[in-house]
Structure formats: structure tokens, C-alpha cells
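Rule-based calculations on the coordinates, nothing more; no lab input. Values in this document were obtained by computation on a predicted structure and should not be read as measured data. Every residue, glycine as well, gets a Cβ built from its backbone with ideal geometry; the counts of neighbours run over all protein chains shown.
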Amino acid sequence: MRDFLIVFKTLFRNANSRTEDAEGKKKIPSGLKALISFLPLVALICIMVAFLAVNLKSVGEFSLLVVAIVAATQLLVMFLSMFSIVTTLYGAKDTPFLNTLPLRPTSVFFAKFAMTYVNALELSTAVILPTVLTSAIAFNVASKSMFYGFYPLLLAILLVAPILPLFIVSVLSMPVVWLGSYFKGKPTLKSVLVILFYFVLMCAYMVLVYYMNTRGFGQEGGVEMSQGTLASLSVLANVFYPDKVLVNYCLGIQAGKNFGISAAITVGMIVVMLLLSALFYKRINSKATENSQSTESKIATFKQSNVVVSIMKRDFTSIMRNSALAMTSFANLLMAPLFIVVMYFITNFKSGAEEGVTPFMSEMMGIGFVVMYSMIFLAGANMIASMAYTREGKSFFASKALPINPKDSIKAKLLLSIIVPSVLLVPIMLIALLLYKIDIVSTLLVGIDTLMMITGICSMSILFDMKKGNQHWEQVAEIKNSSQNTYQLISAFASIVPAIIVFVLGIVLAACEDILGVVIAKVIFWAVATIFSVVVLIVGLCLLKAYGLKWYEFIGENKPKKKGAKNELGRGLLK
């Protein structure tokens with residue numbers, strides 16, 4: 001405990017030391033700026049959940065809404081924190097220094113994990129607290145059946161919510177990074193195995209969750225709901241089972257049983273991290289230190305080829321030769337087919353329509369899942385585009401001095417960021433056609449609309465990386481300084497918002513089947529989805545064409561913020 005407190009206090013003070021501008025004036029922390037930028041979105045979500053809460057009829061239905069809010073926030077935390085967690089735990093610049101100190105590896109791991117927990121807690125609290133409170137008050141006013149102990153117990157939800165996403169990322173990344181550390185001198189093979197192992201572990205986790213919620217813990221029944229929206233929330237609650245039991249406990253639903261299960265799951269996650277950190281963490285850092293001290297040299301051969309193709313090959317090779325960059329670039333993309341397959345089994349599409357859900361509603365929900373996850377993961381979460389120039393680091397300045405037309409460079413970045421997710425789009429379309437039994441026309445439209453969305457979003461992401469990217473890093477861990485690029489939130493939400501709207505629209509149209517008919521409902525659905533994709537495509541390409549060459553000249557001028565004089569010793573040792 002003493003080692004943990006020493007390391008954690010040092011890391012915390014170092015992370016929270018003040019920043020100053022060129023004139024020595026204190027600058028507003030980037031986290032506070034991001035929080036302020038989130039306020040309008042949080043306010044909009046509060047209005048939406050209040051409207052939903054007023055129409056709920058029981059505490060059981062209200063619990064599903066709270067679980068959905070918590071789960072959505074956890075997904076946000078997981079995707080925004082994934083790269084930061086991996087680099088903080090395994091790729092930080094202070095690792096060799098900490099390895100020389102008489103500190104237990106487990107204490108160092110949990111000190112760094114606690115830092116990521118604090119950051120995740122700030123983000124999750126900013127979303128969960130106002131939205132859940134708003135929905136609770138609205139539900140209480142409308143139904144008069146609220147468990148008032150929920151309000152103080154909301155603190156338990158706030159404290160426990162960040163643990164699950166951090167647990168998933170840290171536990172799955174430990175064996176992945178450890179395995180990759182043994183492939184010294186074979187960076188491409190190492191990256192391939194790291195990505196493959198990560199994907200296998202994620203599949204295993206999804207299978208475990210499915211088993212727990214269909215056969216484990218006696219979960220054979222559920223809340224009966226006839227509305228499509230509540231049915232979807234019930235499915236989500238089954239997927240995020242730890243959140244389900246935690247929320248049910250806080251709402252007084254079988255409080256004793258759910259408290260025991262929730263406490264056991266939370267303690268179990270901590271114990272698993274403790275065991276894995278003792279097993280892997282020291283070996284990971286030792287291997288990383290050894291590998292960083294050895295270099296290999298090869299005789300290079302050159303041949304003439306197309307400039308754009310050459311840039312794409314070099315870019316892809318540089319990603320594959322760094323396992324941390326490879327996992328960051330491809331992890332989110334691989335989640336698209338995985339989530340789509342998992343949702344098929346969890347929602348029982350293989351058995352036909354669920355009770356209270358019409359066959360057409362089931363079909364539209366299936367189409368909605370495929371479209372939503374494809375657009376979110378392949379477009380909005382495409383890190384290949386979001387770090388197009390950032391991942392080059394200082395080597396960009398050398399390549400910029402070469403006689404390469406900026407148009408060719410931008411074109412190569414855009415094509416690479418489109419080709420990689422497009423490759424994954426092929427199995428997704430096969431899954432839609434063969435597994436979900438979606439008709440061939442809808443399957444083709446899934447591919448066309450998603451491809452247009454990918455192109456538009458990638459154009460925006462590359463442009464924003466030119467504007468606010470960070471090329472001033474020497475180690476991969478330092479790329480986290482580019483997380484101050486809040487512009488990327490625009491491109492992310494430009495795919496997330498249309499994807500969610502299209503999913504909800506499909507459910508609404510299916511509910512109007514008797515009025516509209518199947519054909520007209522599908523025509524309206526795909527017309528709206530295509531309009532969204534075309535608009536994003538046009539806006540993205542027009543922005544890249546209008547500002548791409550102009551902003552290309554300023555790549556590299558956005559330098560990481562310098563720390564102030566405060567906590568100079570800690571900064572010098574650890575950063």
C-alpha cells in the first residue's frame with residue numbers, strides 16, 4: 001500500500017500540474033474545455049431521458065433506462081481511454097526509471113491504473129450524474145413509485161461504473177502486450193499476433209457474457225415488455241450484466257441478491273487484475289526495456305512505383321511495425337463484425353422474433369444493428385484516419401522535405417483510411433446476408449451507405465489531425481498529448497448521431513408497419529440513411545478539398561502544452 005500511495009501521489013501531482021502559455025499565464029485545462037464542450041450534448045440527453053422516464057410504468061422499466069445510460073457512458077469511456085490506458089500502463093516514458101526502484105510491480109500497476117480510473121471517473125460522472133438524476137426525478141414525478149434510497153446510492157454507481165471498461169481494456173491488453181514482447185526483431189509478425197490475440201480475447205469475453213446472461217446466475221426470465229424500445233433496452237441490460245445488478249441493487253430490486261452479485265463481480269475484477277499484474281506486468285516492462293536497447297539493420301533496396309501507392313505502403317508498414325500503434329489503429333475496427341455477430345445471438349434473431357416483437361420489427365432491428373455498428377466503428381472510431389499524420393511523429397518533417405506533392409500525401413492517407421475498414425465491410429455484409437438473413441438489396445445498401453459514411457468521416461478526421469495533431473513525440477506513449485484534439489469529436493459525432501437516428505428510425509417505421517407497409521417503410525428507412533451518408537460524404541470531401549492543402553502547410557506547428565514550473569521534480573522524473 002505504501003508503494004502504491006507514493007507512486008500514485010507522484011503521478012497525480014505530475015498530471016495535474018498547471019499549464020502555462022508562452023506569456024506565462026495559466027491556461028484552462030484541456031479536460032475542463034472538453035467538459036464544457038460536452039455540456040450542450042449532455043443537456044440534450046437529459047431532455048431525451050426525461051421524456052422517456054415520464055412514460056415508464058414501473059421501477060423495472062426505469063432500471064433498464066439507467067442501465068442503458070451507464071452502459072453507453074462506459075462504451076464512451078472505453079473507446080476514449082483505450083489508447084491512453086495501454087500507453088500509460090505499458091508504454092510510458094517513466095517505465096525504465098520505475099523498474100530501477102525497489103517497488104512492487106503490482107503497486108506500480110495499480111497506481112497507474114488508479115490514474116486512468118480518476119480520468120475515467122471524471123468523464124463518466126459528467127455524463128451519468130446529470131442524466132440519471134434528471135431521469136430519476138422525472139420518473140418519480142410521473143409514477144410516484146421511486147425508491148428514495150436510490151439518490152444516495154447513485155454514488156455507488158458513479159464509483160463503480162468506470163471499473164468495467166478499464167477492467168476490460170487493461171486485462172485484455174496485459175496478455176496481448178506480454179505475448180507481443182517476445183517477438184523481438186519481428187515487428188510485423190508481433191503486431192499481427194497481438195491484434196489476433198486481442199480479437200480472440202474479445203470474442204471469448206463476449207461468449208462469456210452471453211453464457212452468463214442466458215444460463216448463469218439463474219437468469220432465465222426478465223421483465224416483460226411489449227414496446228420495441230424497451231425490448232432493446234432489455235437486451236442491452238443483459239449484455240451489461242454487471243451494470244444491471246448494480247442498478248437493480250440501488251433501486252431496491254432484490255437488493256440483497258443483487259448487492260451480493262455486484263460486489264462479487266467488482267471484487268472479482270480487482271482480484272483478476274491483481275493476479276494478472278503480478279504475472280505479466282513486470283515481465284512486460286522488462287521485455288520492453290530489453291527490446292528498446294537492441295536495434296537491427298538491414299540493407300534496403302529501392303524500386304520505382306506510384307507515389308500514392310508508395311506512401312500508403314510506407315504508412316501501413318510503419319503501423320504494423322509498432323504493435324502499440326497497430327492495436328490502437330485496428331482494435332476499434334475489429335469490434336464492428338464482433339459486435340454485430342454477438343448482437344445476433346444475444347437478441348435471439350436465430351430463433352425468430354422475440355415475444356412482443358413483430359417479425360418486421362425484428363428484421364428492422366437487425367438491419368439497424370448492422371448499420372449502426374458499421375458506421376460507428378468503421379467510420380467514427382477509425383483511428384487510422386484520426387491519427388493520419390500524428391502517428392508519423394517527427395519523421396513527418398523529414399518526409400515533408402522530400403519532393404512529394406501534398407495532394408499525393410493527403411490522397412494516400414485518405415485511401416488507406418478507407419481501404420482498411422472497407423476490407424472489414426465485406427465480412428459484415430456477409431454476416432448481414434447469411435446470418436441475419438437480410439435481403440440482398442438492404443445488404444448492398446448497408447455497404448454503400450457505410451462506405452460513403454467512412455469516406456466522409458475519414459476526410460474530416462484527416463483534416464482535423466492536420467489542424468490539431470501532434471508530431472512532436474519520440475515514444476508512442478507521448479502520442480496521448482494529441483488527445484487534446486477536441487476537433488475529432490466533431491467527426492466522431494458526425495457518424496454516431498446519424499447511426500443512432502437511423503437505428504431508432506427503423507424501430508419507429510416497423511411500429512408503423514400496418515399504416516405504411518413493409519416496402520414503403522424500408523424505402524423511407526434507406527432514403528433517410530442514404531441522405532445522411534451522402535451529406536456526410538459531401539461535407540467531408542468539400543472540407544478536405546477546401547482546407548486540406550492550406551492546413552497541410554501548418555502540420556507540426558501544434559506542439560504539446562508545456563508544463564508550468566509547479567511540480568518540476570515530478571515532471572522531470574516521470575515525463
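Annotations for the structure displayed:
- Over 31 Å apart at the Cα level, from the set Lys9/Lys413; Lys313/Lys545; Lys244/Lys467; Lys144/Lys522, are Lys9/Lys413; Lys244/Lys467; Lys144/Lys522.
- Per-peptide average of other Cβ atoms within 10 Å, ordering 118-131, 362-375 highest first: 362-375, 118-131
- Each residue of the range 389-400 was assigned a 3J(HN,Hα) from its phi angle through the Karplus expression (A = 6.51, B = -1.76, C = 1.60, θ = phi - 60°), giving 9, 4, 5, 6, x, 6, 5, 4, 5, 6, 5, 5 Hz with x at Gly and Pro.
- Label-point separation in nm, Leu44 to Ile490, each point 7 Å along Cα→Cβ: 1.5
- Given their separation in residues at 0.36 nm each and the Cα-Cα distance between them, Lys57 and Leu549 gain 171.5 nm when the chain is fully extended.
- Site pair Leu402 and Ile6 shows an inter-label distance of 4.8 nm when each label is modelled 7 Å from Cα along Cα→Cβ.
- Full extension of the chain segment joining Ile538 with Thr358 gains 61.1 nm, where the gain is 0.36 nm per residue of separation less the Cα-Cα distance.
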